[in-house]
Amino acid sequence: MSGHAQADPGRAAAFRELAYSLAGGALPEAWWRDSHERILARARALTWPARLADLETQACQIVGDEFYDRLRSPGTGLHPAQWLRALAEETGGALRATLTRGADDWQKLWALLCGLALMAPRPPADAAEEPAHERFPEFPDIKDPLETALAEAERFAKLAGHREVPPGLGHLIDGWRPAGEPLTARDVYGSRRLVMAPFSYDGGATDHWYAWDIDLCWIDVVVGAGVFASAEDALGEWREAVGPAASGTVLSSCRPGLTAQLLAPCLRTGPLADMLEGNEPRDLIREYYRLRRRTRDLTGSADAAPGSFPFDDGHAPEAFLNWYATRHDEVPVAVPEAAAIIHEEWGPHEYPDERSFYACSPHRIEMAAHLIRESYVADHANPALRLLPEWTQWCIERAGLEADAAARSREAARSAASALVHDDDEPTADNDTAPFRRQE
């Protein structure tokens, strides 16, 4: 008998499968082909606009609607990047088959392929010059969606010969370019942010604006995004979505570092970056790929790694306890732990500035209370819930919040403190606490 331990084939296969997944690989699912066929059929049935931004938006809607429906279908793991890559291959194959048959609907499939090439996310700056097969030589079937869409477009353009196939390949490769400095706005609390930037085609004048609606009440998450004709249109739509807390907000310049920090959720890569909560609205899913693509186009090499926000909130519990001690004759023994629990569940712990930490919108208070109830037993949750009104008052004073906005926060904290945890309570799913496009 050999003195060397025999390799365990099952364990080796499991490690390889894990490495394949972490590299972004996903084996085709049985339902992928039907899913792609539905997209192709819809593309053939629609009239495609001539304006490129509108064409791209229509492609986003077609792909996003199918994505949304599959996301809500039981038993379907979507694997967004490889599903999109396979769609680009299916579209290219259908295009070539249409041309071979002499059919006259190839223009509609070409429009879809152009839309896919324009919406597919770019790889990170440090990987942009290295094709996927070189980044992962041990997994040659892992392909980048953008590389695939562009390769399919180039293949078809050569096959089309004398036929006119606008836009040219150079335009698809370059995509949209930032046409000016990004702008930002914040609501009165400081936890809801708008980022927008002008984009041009072929280096010309501004064609449209793209905007991201970012909620920092729970995790830093993009809750809305889309194309707008002007900065004023984007600001108006955002104010309506956010509600009274954004009624008086104004736009200001957004420096590159802050832009990358606020858009950090769109810059993350890897399997965890593809995770979805599951109750995203249809309009957001329609922008799932494009909001990431435009972020890369806007930030370029100014990528911000998650957690790179400059404000350090580690001192907050101690600062709160010092404030608490000035208002009370004594500090009960349960207060320090309760403050630590609130701090743990208070927002994303990644803040672009100090004001964002002290932001105490009703939504953030409700989310913190929800997470406390779901994460702690009654003996630990209830002291934290009872302390929420004073934590909120501390934040109000630090943020300089006034009038109606402060009153709404105090009322939200009092309401949260009145809904205590009982030992026999069963955990419940609370979809109303989700951040997507809710008013502050």
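The values are calculated or read from the model by the stated rules, or taken from the named source; none is laboratory data. In this text, all values refer to a predicted model and were calculated from it rather than measured experimentally. Every residue, glycine among them, receives a Cβ derived from its backbone with ideal geometry; neighbour counts consider all protein chains shown. Ligands, DNA and RNA are stripped out before the accessible areas are found, and what is left, the full protein with its side chains, is counted by its heavy atoms. Shrake-Rupley method; radii C 1.70, N 1.55, O 1.52, S 1.80 Å.
Restricting the first member to segment 324-353 and to residues that are among the basic types (Lys, Arg), and the second to residues that are part of a loop (DSSP other than H, G, I, E, B), no beta-carbon pair is closer than 7 Å while six or more apart or on different chains. Scanning segment 209-227 for residues that are among the hydrophobic types (A, V, I, L, M, F, W, C), in contact (Cβ under 8 Å) with a residue 40 or more places away in the chain, closer than 22 Å to residue 115 by Cα and open to solvent by less than 10 Å² (accessible area, probe 1.4 Å) yields a total of 1. Taking segment 72-95 as the range and being surrounded by 18 or more Cβ atoms within 10 Å (Cβ to Cβ) and over 19 Å from residue 160 (Cα atoms) as the test, the residues that pass are 78, 79, 80, 81, 82, 83, 84, 85, 86, 87. Applying the condition of being aliphatic (A, V, I, L, M) and surrounded by fewer than 19 Cβ atoms within 10 Å (Cβ to Cβ) to segment 249-265 and asking which residue is modelled with the lowest pLDDT yields 250.
Being assigned to a helix (DSSP H, G or I), open to solvent by 10 Å² or more (accessible area, probe 1.4 Å), hydroxyl-bearing (Ser, Thr, Tyr) and closer than 18 Å to residue 167 by Cα: is that true of residue 57 here? For residue 57, the condition - assigned to a helix (DSSP H, G or I), open to solvent by 10 Å² or more (accessible area, probe 1.4 Å), hydroxyl-bearing (Ser, Thr, Tyr) and closer than 18 Å to residue 167 by Cα - is met.
In segment 101-124, of all residues being part of a helix (DSSP H, G or I) and farther than 17 Å from residue 290 by Cβ, the one that is most open to solvent (accessible area, probe 1.4 Å) corresponds to 101. Considering only residues that are over 16 Å from residue 300 (Cβ atoms) and small (Gly, Ala, Ser), which ones fall in segment 169-186? Of everything in segment 169-186, those that are over 16 Å from residue 300 (Cβ atoms) and small (Gly, Ala, Ser) turn out to be 170, 185. Restricting attention to segment 387-407, the residues that are surrounded by fewer than 20 Cβ atoms within 10 Å (Cβ to Cβ), in a helix (DSSP H, G or I) and of a type in the set (D, E, K, R) add up to 3. Of all residues in segment 71-99, those that are part of a helix (DSSP H, G or I) and either out of contact with any Leu (no Cβ under 9 Å at 6 or more places or on another chain) or basic (Lys, Arg) (or both) total 8. Of all residues in segment 306-356, those satisfying the criterion of being over 26 Å from residue 220 (Cα atoms) and not in a loop (DSSP other than H, G, I, E, B) are 321, 322, 323, 324, 325, 326, 327, 335, 336.
Screening residue 98 with (1) without any contact (Cβ under 8 Å) to a residue 12 or more places away in the chain; (2) surrounded by fewer than 18 Cβ atoms within 10 Å (Cβ to Cβ) gives one miss only, at (2). Mind checking whether some residue in segment 236-248 is modelled with pLDDT under 85, in a helix (DSSP H, G or I) and either of a type in the set (Ser, Thr, Tyr) or open to solvent by less than 60 Å² (accessible area, probe 1.4 Å) (or both)? Looking through segment 236-248, none of the residues is modelled with pLDDT under 85, in a helix (DSSP H, G or I) and either of a type in the set (Ser, Thr, Tyr) or open to solvent by less than 60 Å² (accessible area, probe 1.4 Å) (or both). For segment 267-288, does any single residue satisfy the condition of being at pLDDT 90 or above, over 13 Å from the mean Cα position of the chain (by Cα), open to solvent by 40 Å² or more (accessible area, probe 1.4 Å) and charged (D, E, K, R)? Yes, segment 267-288 contains a residue that is at pLDDT 90 or above, over 13 Å from the mean Cα position of the chain (by Cα), open to solvent by 40 Å² or more (accessible area, probe 1.4 Å) and charged (D, E, K, R).
Listed by first and then second residue, the pairs with beta-carbon distance under 9 Å, at least 6 apart or on different chains, first residue in segment 373-386 and in a helix (DSSP H, G or I), second modelled with pLDDT of 95 or more and aromatic (Phe, Trp, Tyr), are 382/376; 384/376; 384/391.
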